[in-house]
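Take a look at the structure below.
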Amino acid sequence: MRARRHIGVLVKQDLRYTFSSARGLLFLIFFGMFWGWVLSKLAGGLGEQLGTPQAGFLVTWLFDANVARLLQERPVTLAAYLVVAAMLTPLFAMLASCDQTATDLGTRHIRFLIPRVGRAEIFVARLIGASILTTIAQLLAGIAATIVALVVNKDPGQTGAIVAYGAQVTGFLIIYSLPIVALMSLISAAMASVGLALLVGVGGYAVLGVAMGLVPLKGAAATIVSFLVPGGLKPYLLQPELGPALAACAGALGYVALYSFLGWQVFRKRNA
Amino acid sequence: MSDAPIIVTEGLGRDFGDKRALDVIDLALEAGAPIGLVGPNGAGKTTFFSVLCGFLRPTRGTVQVLGRPPLHRDVHGRVAILPQDAAFVRGVPVQSQLAMLAELQGFSAKAARAEAARVLQLVLLADAAKKSPEMLSHGMLKRIAIAQTFLGAPELVLLDEPTAGLDPATASEMKNLIRSLDKERTFVISSHNLQDIEELCGSVVILDRGKIVEHRKVAELVSRTSILTFRLEADPPEAIVAKLTAVALVTRVELGRPGERRLAVHFRDEGESGGNKTQIAVLQALTAAGIGMIEMTRGQSLQDKVIEMTRPGSA
């Protein structure tokens, strides 16, 4: 009971700091401006064009056939939003969650907390705070994308399907961003510096992506490497069928458990 | 306050790589009058505080604070510390931060705001309540950090260099504050300012190179009657030792290290008149030897004692 209260107090403080600090506001402004720009393009007809069979060829070449089917079988504006968001979610989630325990450790602010609360409570509260921030950001972007999809939709009979798919896409993206938040809990605890945590997170992700593109791995090795980070789940998320996407969401929660556990192991052993 | 030990360590040690910051610390500190923790730089004072609060884990040995290990949930809120180098969150008003810490100690949101205002008043910074840390001076931030140790009713307050960086007037206010509250809680104060320790504390633990050199009452350490301590204009010549030893009742003459410009003359305590006569004779001998004096103290300060006990080769 006391632990839950402590976590509540810390989460409240975390969010208050996020929404009043330059770094938190910059993230929200950057995130909002980016999606404003992307959604304005989709509202301008780009989404509809991506759903045509001609564009399908290009999409298949750029991604795979499942993505092309997704754009043709699902409300195209939202499907296009999902494709772009799935690619950029790791970056945005890293930006939003790079400072979990990093500032606490780096500035030794944690020394004011430890005599009052347990380390586990601090770790969990920071993880929840960062998760709430990314969830709010994904929720707002998802609502905006759904509104755009409704505005550009010319078939009134599709309204219900668009809203339902908008909710589904938003839910997927929220769940897909959580493993990144958990990964950053591990990196921020290890680095104890916001800048370094962001650099290591983004750099590591980018290096892994480039390496996977350059090294032609096949068979089990390719599967293992692709699943080192949650990015391996993306092809399952970008399919028109619900089953693979739900499996990807379940896998994402597995990553959350693994990274959070590793993050906690690092944080609990760190000098404060 | 109970007589049970508030801090008990057995074989406590902490290493940083090859360096032994704390060697083997066996200590039992009891609740009551403030306890000073002194020693030269690198003695292990801050490391000791850090282990007591669970910031650092001991490499060996055990530590109990208020009968529990440092990170035990039963200890939360009952121990407060003024850490030496911890920072408040930038951009958030200090009163909000103090209120948050009070909430973590079990206050309701409303009561926590009132508690934050109360402790700010204690450190004479009520005006700074709405300011964020980056708008405050180093000294003001130090006082805010002191204020957070008075949130609620901690039984044990660890203060690491509480007056460092404060102007003399503010330092005096902080010392008065500690004096006014030392009946309700036990303070352990680490400081290089040994005059502060002498003024505030009932007992003192002297650390040197990670080991306890002494743990005694301040009154027992500081001899008031049988030593004359001189601060000189220059280092005294070796020859003065023989001249002063020849003075009646003088038992030992001690020269400071080169550069300390210090001289201590120990004499047999044979009452006030004997002491006065010895004092006059010693002063005459110094004058005759042409040794210029800046200050003379009857007795030995804690500072002199600590310097003597932590001098290399004194162990």
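Brief remarks on what is shown
- Breaking point among (1) within 19 Å of the chain's Cα centre (by Cα); (2) within 30 Å of B:D85 (Cβ to Cβ), for A:L208: (2)
- Candidates B:D18, B:D74, B:D85, B:D26: the one that is free of Cβ contacts under 8 Å to residues at least 12 places away in the same chain, surrounded by fewer than 17 Cβ atoms within 10 Å (Cβ to Cβ) and within 23 Å of the chain's Cα centre (by Cα) is B:D85.
- Pairs are defined by a Cβ separation below 6 Å, a sequence spacing of at least 6 or placement on different chains, a first member in the stretch A:210-238 that is under 26 Å from A:L70 (Cα atoms), and a second member that is in a loop (DSSP other than H, G, I, E, B); the pairs so defined are A:V225/A:L217.
- Single condition A:E48 does not satisfy, out of (1) within 14 Å of chain B (Cβ to nearest Cβ); (2) more than 19 Å from A:T135 (Cβ to Cβ): (1)
- Some residue of the stretch B:121-142 being in contact (Cβ under 8 Å) with a residue 24 or more places away in the chain, in contact with a Lys or Arg (Cβ under 9 Å, 6 or more places away or on another chain), closer than 26 Å to B:S50 by Cβ and of a type in the set (G, A, S): no
- The residue list B:F49, B:F55 contains one member that is without any contact (Cβ under 8 Å) to a residue 60 or more places away in the chain and within 14 Å of chain A (Cβ to nearest Cβ), which is B:F55.
- Evaluating A:K12 against the criteria (1) crowded, with 16+ Cβ neighbours inside 10 Å; (2) within 14 Å of another protein chain (Cβ to nearest Cβ); (3) free of Cβ contacts under 8 Å to residues at least 40 places away in the same chain leaves one unmet condition, (1).
- Residues that are of a type in the set (A, V, I, L, M, F, W, C) and either touching a helix residue (DSSP H, G or I) at 6+ places or on another chain (Cβ under 7 Å) or at the interface with chain A (Cβ under 7 Å from one of its Cβ atoms) (or both), drawn from the stretch B:72-93: B:V79, B:A80, B:I81, B:L82, B:A86, B:A87, B:F88, B:V89, B:V92
- Considering the conditions (1) out of contact with any helix residue (DSSP H, G or I) (no Cβ under 9 Å at 6 or more places or on another chain); (2) modelled with pLDDT under 85; (3) surrounded by 11 or more Cβ atoms within 10 Å (Cβ to Cβ), B:E260 is excluded by exactly one of them, (1).
- For the stretch B:269-292, the condition holds for no residue, the condition being that it is in contact (Cβ under 8 Å) with a residue 24 or more places away in the chain, under 28 Å from B:L207 (Cα atoms) and either surrounded by 11 or more Cβ atoms within 10 Å (Cβ to Cβ) or among the small types (G, A, S) (or both).
- Of all residues in the stretch B:152-169, none are surrounded by 23 or more Cβ atoms within 10 Å (Cβ to Cβ), in a helix (DSSP H, G or I) and either in contact with a Cys (Cβ under 9 Å, 6 or more places away or on another chain) or within 14 Å of chain A (Cβ to nearest Cβ) (or both).
- Failed condition for A:Y176, given (1) crowded, with 23+ Cβ neighbours inside 10 Å; (2) closer than 30 Å to B:F88 by Cα: (2)
- Number of positions in the stretch B:212-224 that are at pLDDT below 90 and surrounded by fewer than 13 Cβ atoms within 10 Å (Cβ to Cβ): 3
- In the stretch B:229-257, residue nearest to B:I291 (Cα to Cα) [restricted to those that are at pLDDT 90 or above and among the hydroxyl-bearing types (S, T, Y)]: B:T245
- Any hit, the stretch A:87-106, residues being within 14 Å of chain B (Cβ to nearest Cβ) and without any contact (Cβ under 8 Å) to a residue 24 or more places away in the chain: yes
- Here is the figure for the stretch A:15-31: residues that are more than 8 Å from every other protein chain (Cβ to nearest Cβ) and surrounded by 14 or more Cβ atoms within 10 Å (Cβ to Cβ) total 7.
- If you go through the stretch A:47-59 and keep only what is crowded, with 17+ Cβ neighbours inside 10 Å and either of a type in the set (A, V, I, L, M, F, W, C) or on the phi > 0 side of the Ramachandran plot (or both), you end up with A:L50, A:A55, A:V59.
Residue-by-condition table, conditions (1) touching a Gly at 6+ places or on another chain (Cβ under 7 Å); (2) within 12 Å of chain A (Cβ to nearest Cβ):
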{"residue": "B:Q97", "(1), (2)": "no, yes"}
{"residue": "B:M100", "(1), (2)": "no, yes"}
{"residue": "B:Q105", "(1), (2)": "yes, yes"}
{"residue": "B:R113", "(1), (2)": "no, no"}
{"residue": "B:V123", "(1), (2)": "no, no"}
{"residue": "B:A129", "(1), (2)": "no, no"}
{"residue": "B:M135", "(1), (2)": "no, no"}
{"residue": "B:G139", "(1), (2)": "yes, no"}
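- Hits in the stretch A:135-178 (condition: within 21 Å of the chain's Cα centre (by Cα), among the polar types (S, T, N, Q) and under 19 Å from A:L46 (Cα atoms)): A:T146
- Residue check for A:Y165: crowded, with 16+ Cβ neighbours inside 10 Å and either more than 16 Å from A:T77 (Cβ to Cβ) or touching a Ser or Thr at 6+ places or on another chain (Cβ under 6 Å) (or both): no
- Failed condition for B:V65, given (1) crowded, with 18+ Cβ neighbours inside 10 Å; (2) facing another protein chain (nearest Cβ under 9 Å); (3) touching a residue at least 40 places away in the same chain (Cβ under 8 Å): (2)
- Total residues in the stretch B:106-117, condition under 15 Å from A:P115 (Cβ atoms) and buried (at least 22 other Cβ atoms within 10 Å of the Cβ): 0
The values are calculated or read from the model by the stated rules, or taken from the named source; none is laboratory data. Note that the structure is a prediction, hence the values are computed from the model and not measured. As a convention, Cβ positions derive from the backbone with ideal geometry for all residues, glycine included, and neighbour counts pool all protein chains shown.
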